[in-house]
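Each remark here refers to the structure printed beneath this line.
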Amino acid sequence: MTALGLDTSNYTTSAALFDGAEGRNAGRLLEVRPGELGLRQSEALFQHVKALPGRVAELGKLTGISAVAASTRPRAVEGSYMPCFLAGESQGRVLASALGVPFYAVSHQQGHLAAAAWSAGRPELLNAPFLAWHLSGGTTELLYVEPEGVNIRAEKLGGTTDISAGQLIDRTGVLLGLPFPAGKALDALARTAERAVKPYPVKLNGLSFSLSGMENKVKELAAKEPPAVAARYALDTVADVVRRATAAAQTAHPGLPVLCSGGVASNSRLRQVLAEGCGALFAEPRYSTDNALGVAILAHRLAEAGAPAEG
């Protein structure tokens, strides 16, 4: 039994196969013109439609496929919608119909969590409650996750109230002359800093916090310090407030493991701070960023359980 998963997020086109034990993902970033801070949804959708057949072809001949799934929305909550996911959903439904197998709709966030659990070597996490971070270019959410049948349900406990950690990182990177999306390049630049500036003390309100004021702090520092120092300052500040929010959530929900997913979770400084301070678990960096493997994992779980196909 092998499942095919498709994910067409705002910046990555992905296709993946999962057979219950092993998985393989084929993904590629969308093209963003130098100096720009993203893509309009119409342009992202256009690029996905063009790129998805190529990503599926990278997986090889599709034989023995028992189910197809696609991420059809950012989160599994009412009103969550983004046009770019239509590319994966429409082609996924066509493939499922042509292969005569069930099609399942999951959310992008559910896929991230499933991929992170599998990649961290802890697939059993999906069978019991746990705490999780979804840290990406558009999302910084602290979640309480629990099983919902063979799928998973995520309840938001906290996170940012304005811009995401990924947006702050990308804007910092572009300010410092790095290409967008800037996560990997900013991480590498920060590691070359000859000294560290004390992180800005972002105020924690319960389990929530605001990062919008950090943009000006980074600009002020970048005007008088080398780019590497400014890069480390931004990343240290994000890591510090995420660690404090995680510790508070662990106090409120003692004994639950903490799983980190999303592209920002591949940042080396964040991984070090949360692993040492909170015992957090992480996916491999290649499965922290947007990918379709988690979608394929959920498709396999749903098909194995005999869940009804989507209409």
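The values are calculated or read from the model by the stated rules, or taken from the named source; none is laboratory data. Model, not experiment: these values are computed from the prediction. With ideal geometry, Cβ positions are generated from the backbone for all residues, glycine too; neighbour counts draw on all protein chains shown. We work out accessible area using only protein heavy atoms, side chains counted, and drop any ligands, DNA or RNA first. Shrake-Rupley method; radii C 1.70, N 1.55, O 1.52, S 1.80 Å.
Just a few scattered comments:
- Within the stretch 138-173, tally of residues that are open to solvent by 10 Å² or more (accessible area, probe 1.4 Å) and either over 21 Å from V242 (Cβ atoms) or in contact with a Lys or Arg (Cβ under 9 Å, 6 or more places away or on another chain) (or both): 13
- Helices (runs of 4 or more DSSP H) contained entirely in the stretch 34-144, each with at least 3 residues that are under 30 Å from L204 (Cα atoms), touching a residue at least 40 places away in the same chain (Cβ under 8 Å) and of a type outside the set (S, T, N, Q): 108-119
- Between A230, A247, the distinction of being among the small types (G, A, S) and buried (at least 23 other Cβ atoms within 10 Å of the Cβ) belongs to A230 only.
- Residue pairs whose Cβ atoms lie under 9 Å apart, separated by 6 or more positions or on different chains, with the first residue in the stretch 231-247 and polar (S, T, N, Q) and the second part of a helix (DSSP H, G or I) and open to solvent by 40 Å² or more (accessible area, probe 1.4 Å), are T237/K217; T246/G277.
- Residue within the stretch 219-231 that is part of a helix (DSSP H, G or I), within 23 Å of L175 (Cα to Cα), under 22 Å from the mean Cα position of the chain (by Cα) and at pLDDT 95 or above present: yes
- When residues in the stretch 174-205 are screened for being modelled with pLDDT under 95 and buried (at least 22 other Cβ atoms within 10 Å of the Cβ), 3 of them pass.
- Flag for S80 being polar (S, T, N, Q) and either buried (at least 17 other Cβ atoms within 10 Å of the Cβ) or within 14 Å of L298 (Cα to Cα) (or both): no
- Scanning the stretch 83-96 for residues that are surrounded by 13 or more Cβ atoms within 10 Å (Cβ to Cβ) and of a type outside the set (G, A, S) gives P83, C84, F85, L86, E89, Q91, R93, L95.
- Residue identified as within 19 Å of the chain's Cα centre (by Cα), under 14 Å from A299 (Cα atoms) and open to solvent by less than 70 Å² (accessible area, probe 1.4 Å) among V106, V68, V32, V101: V106
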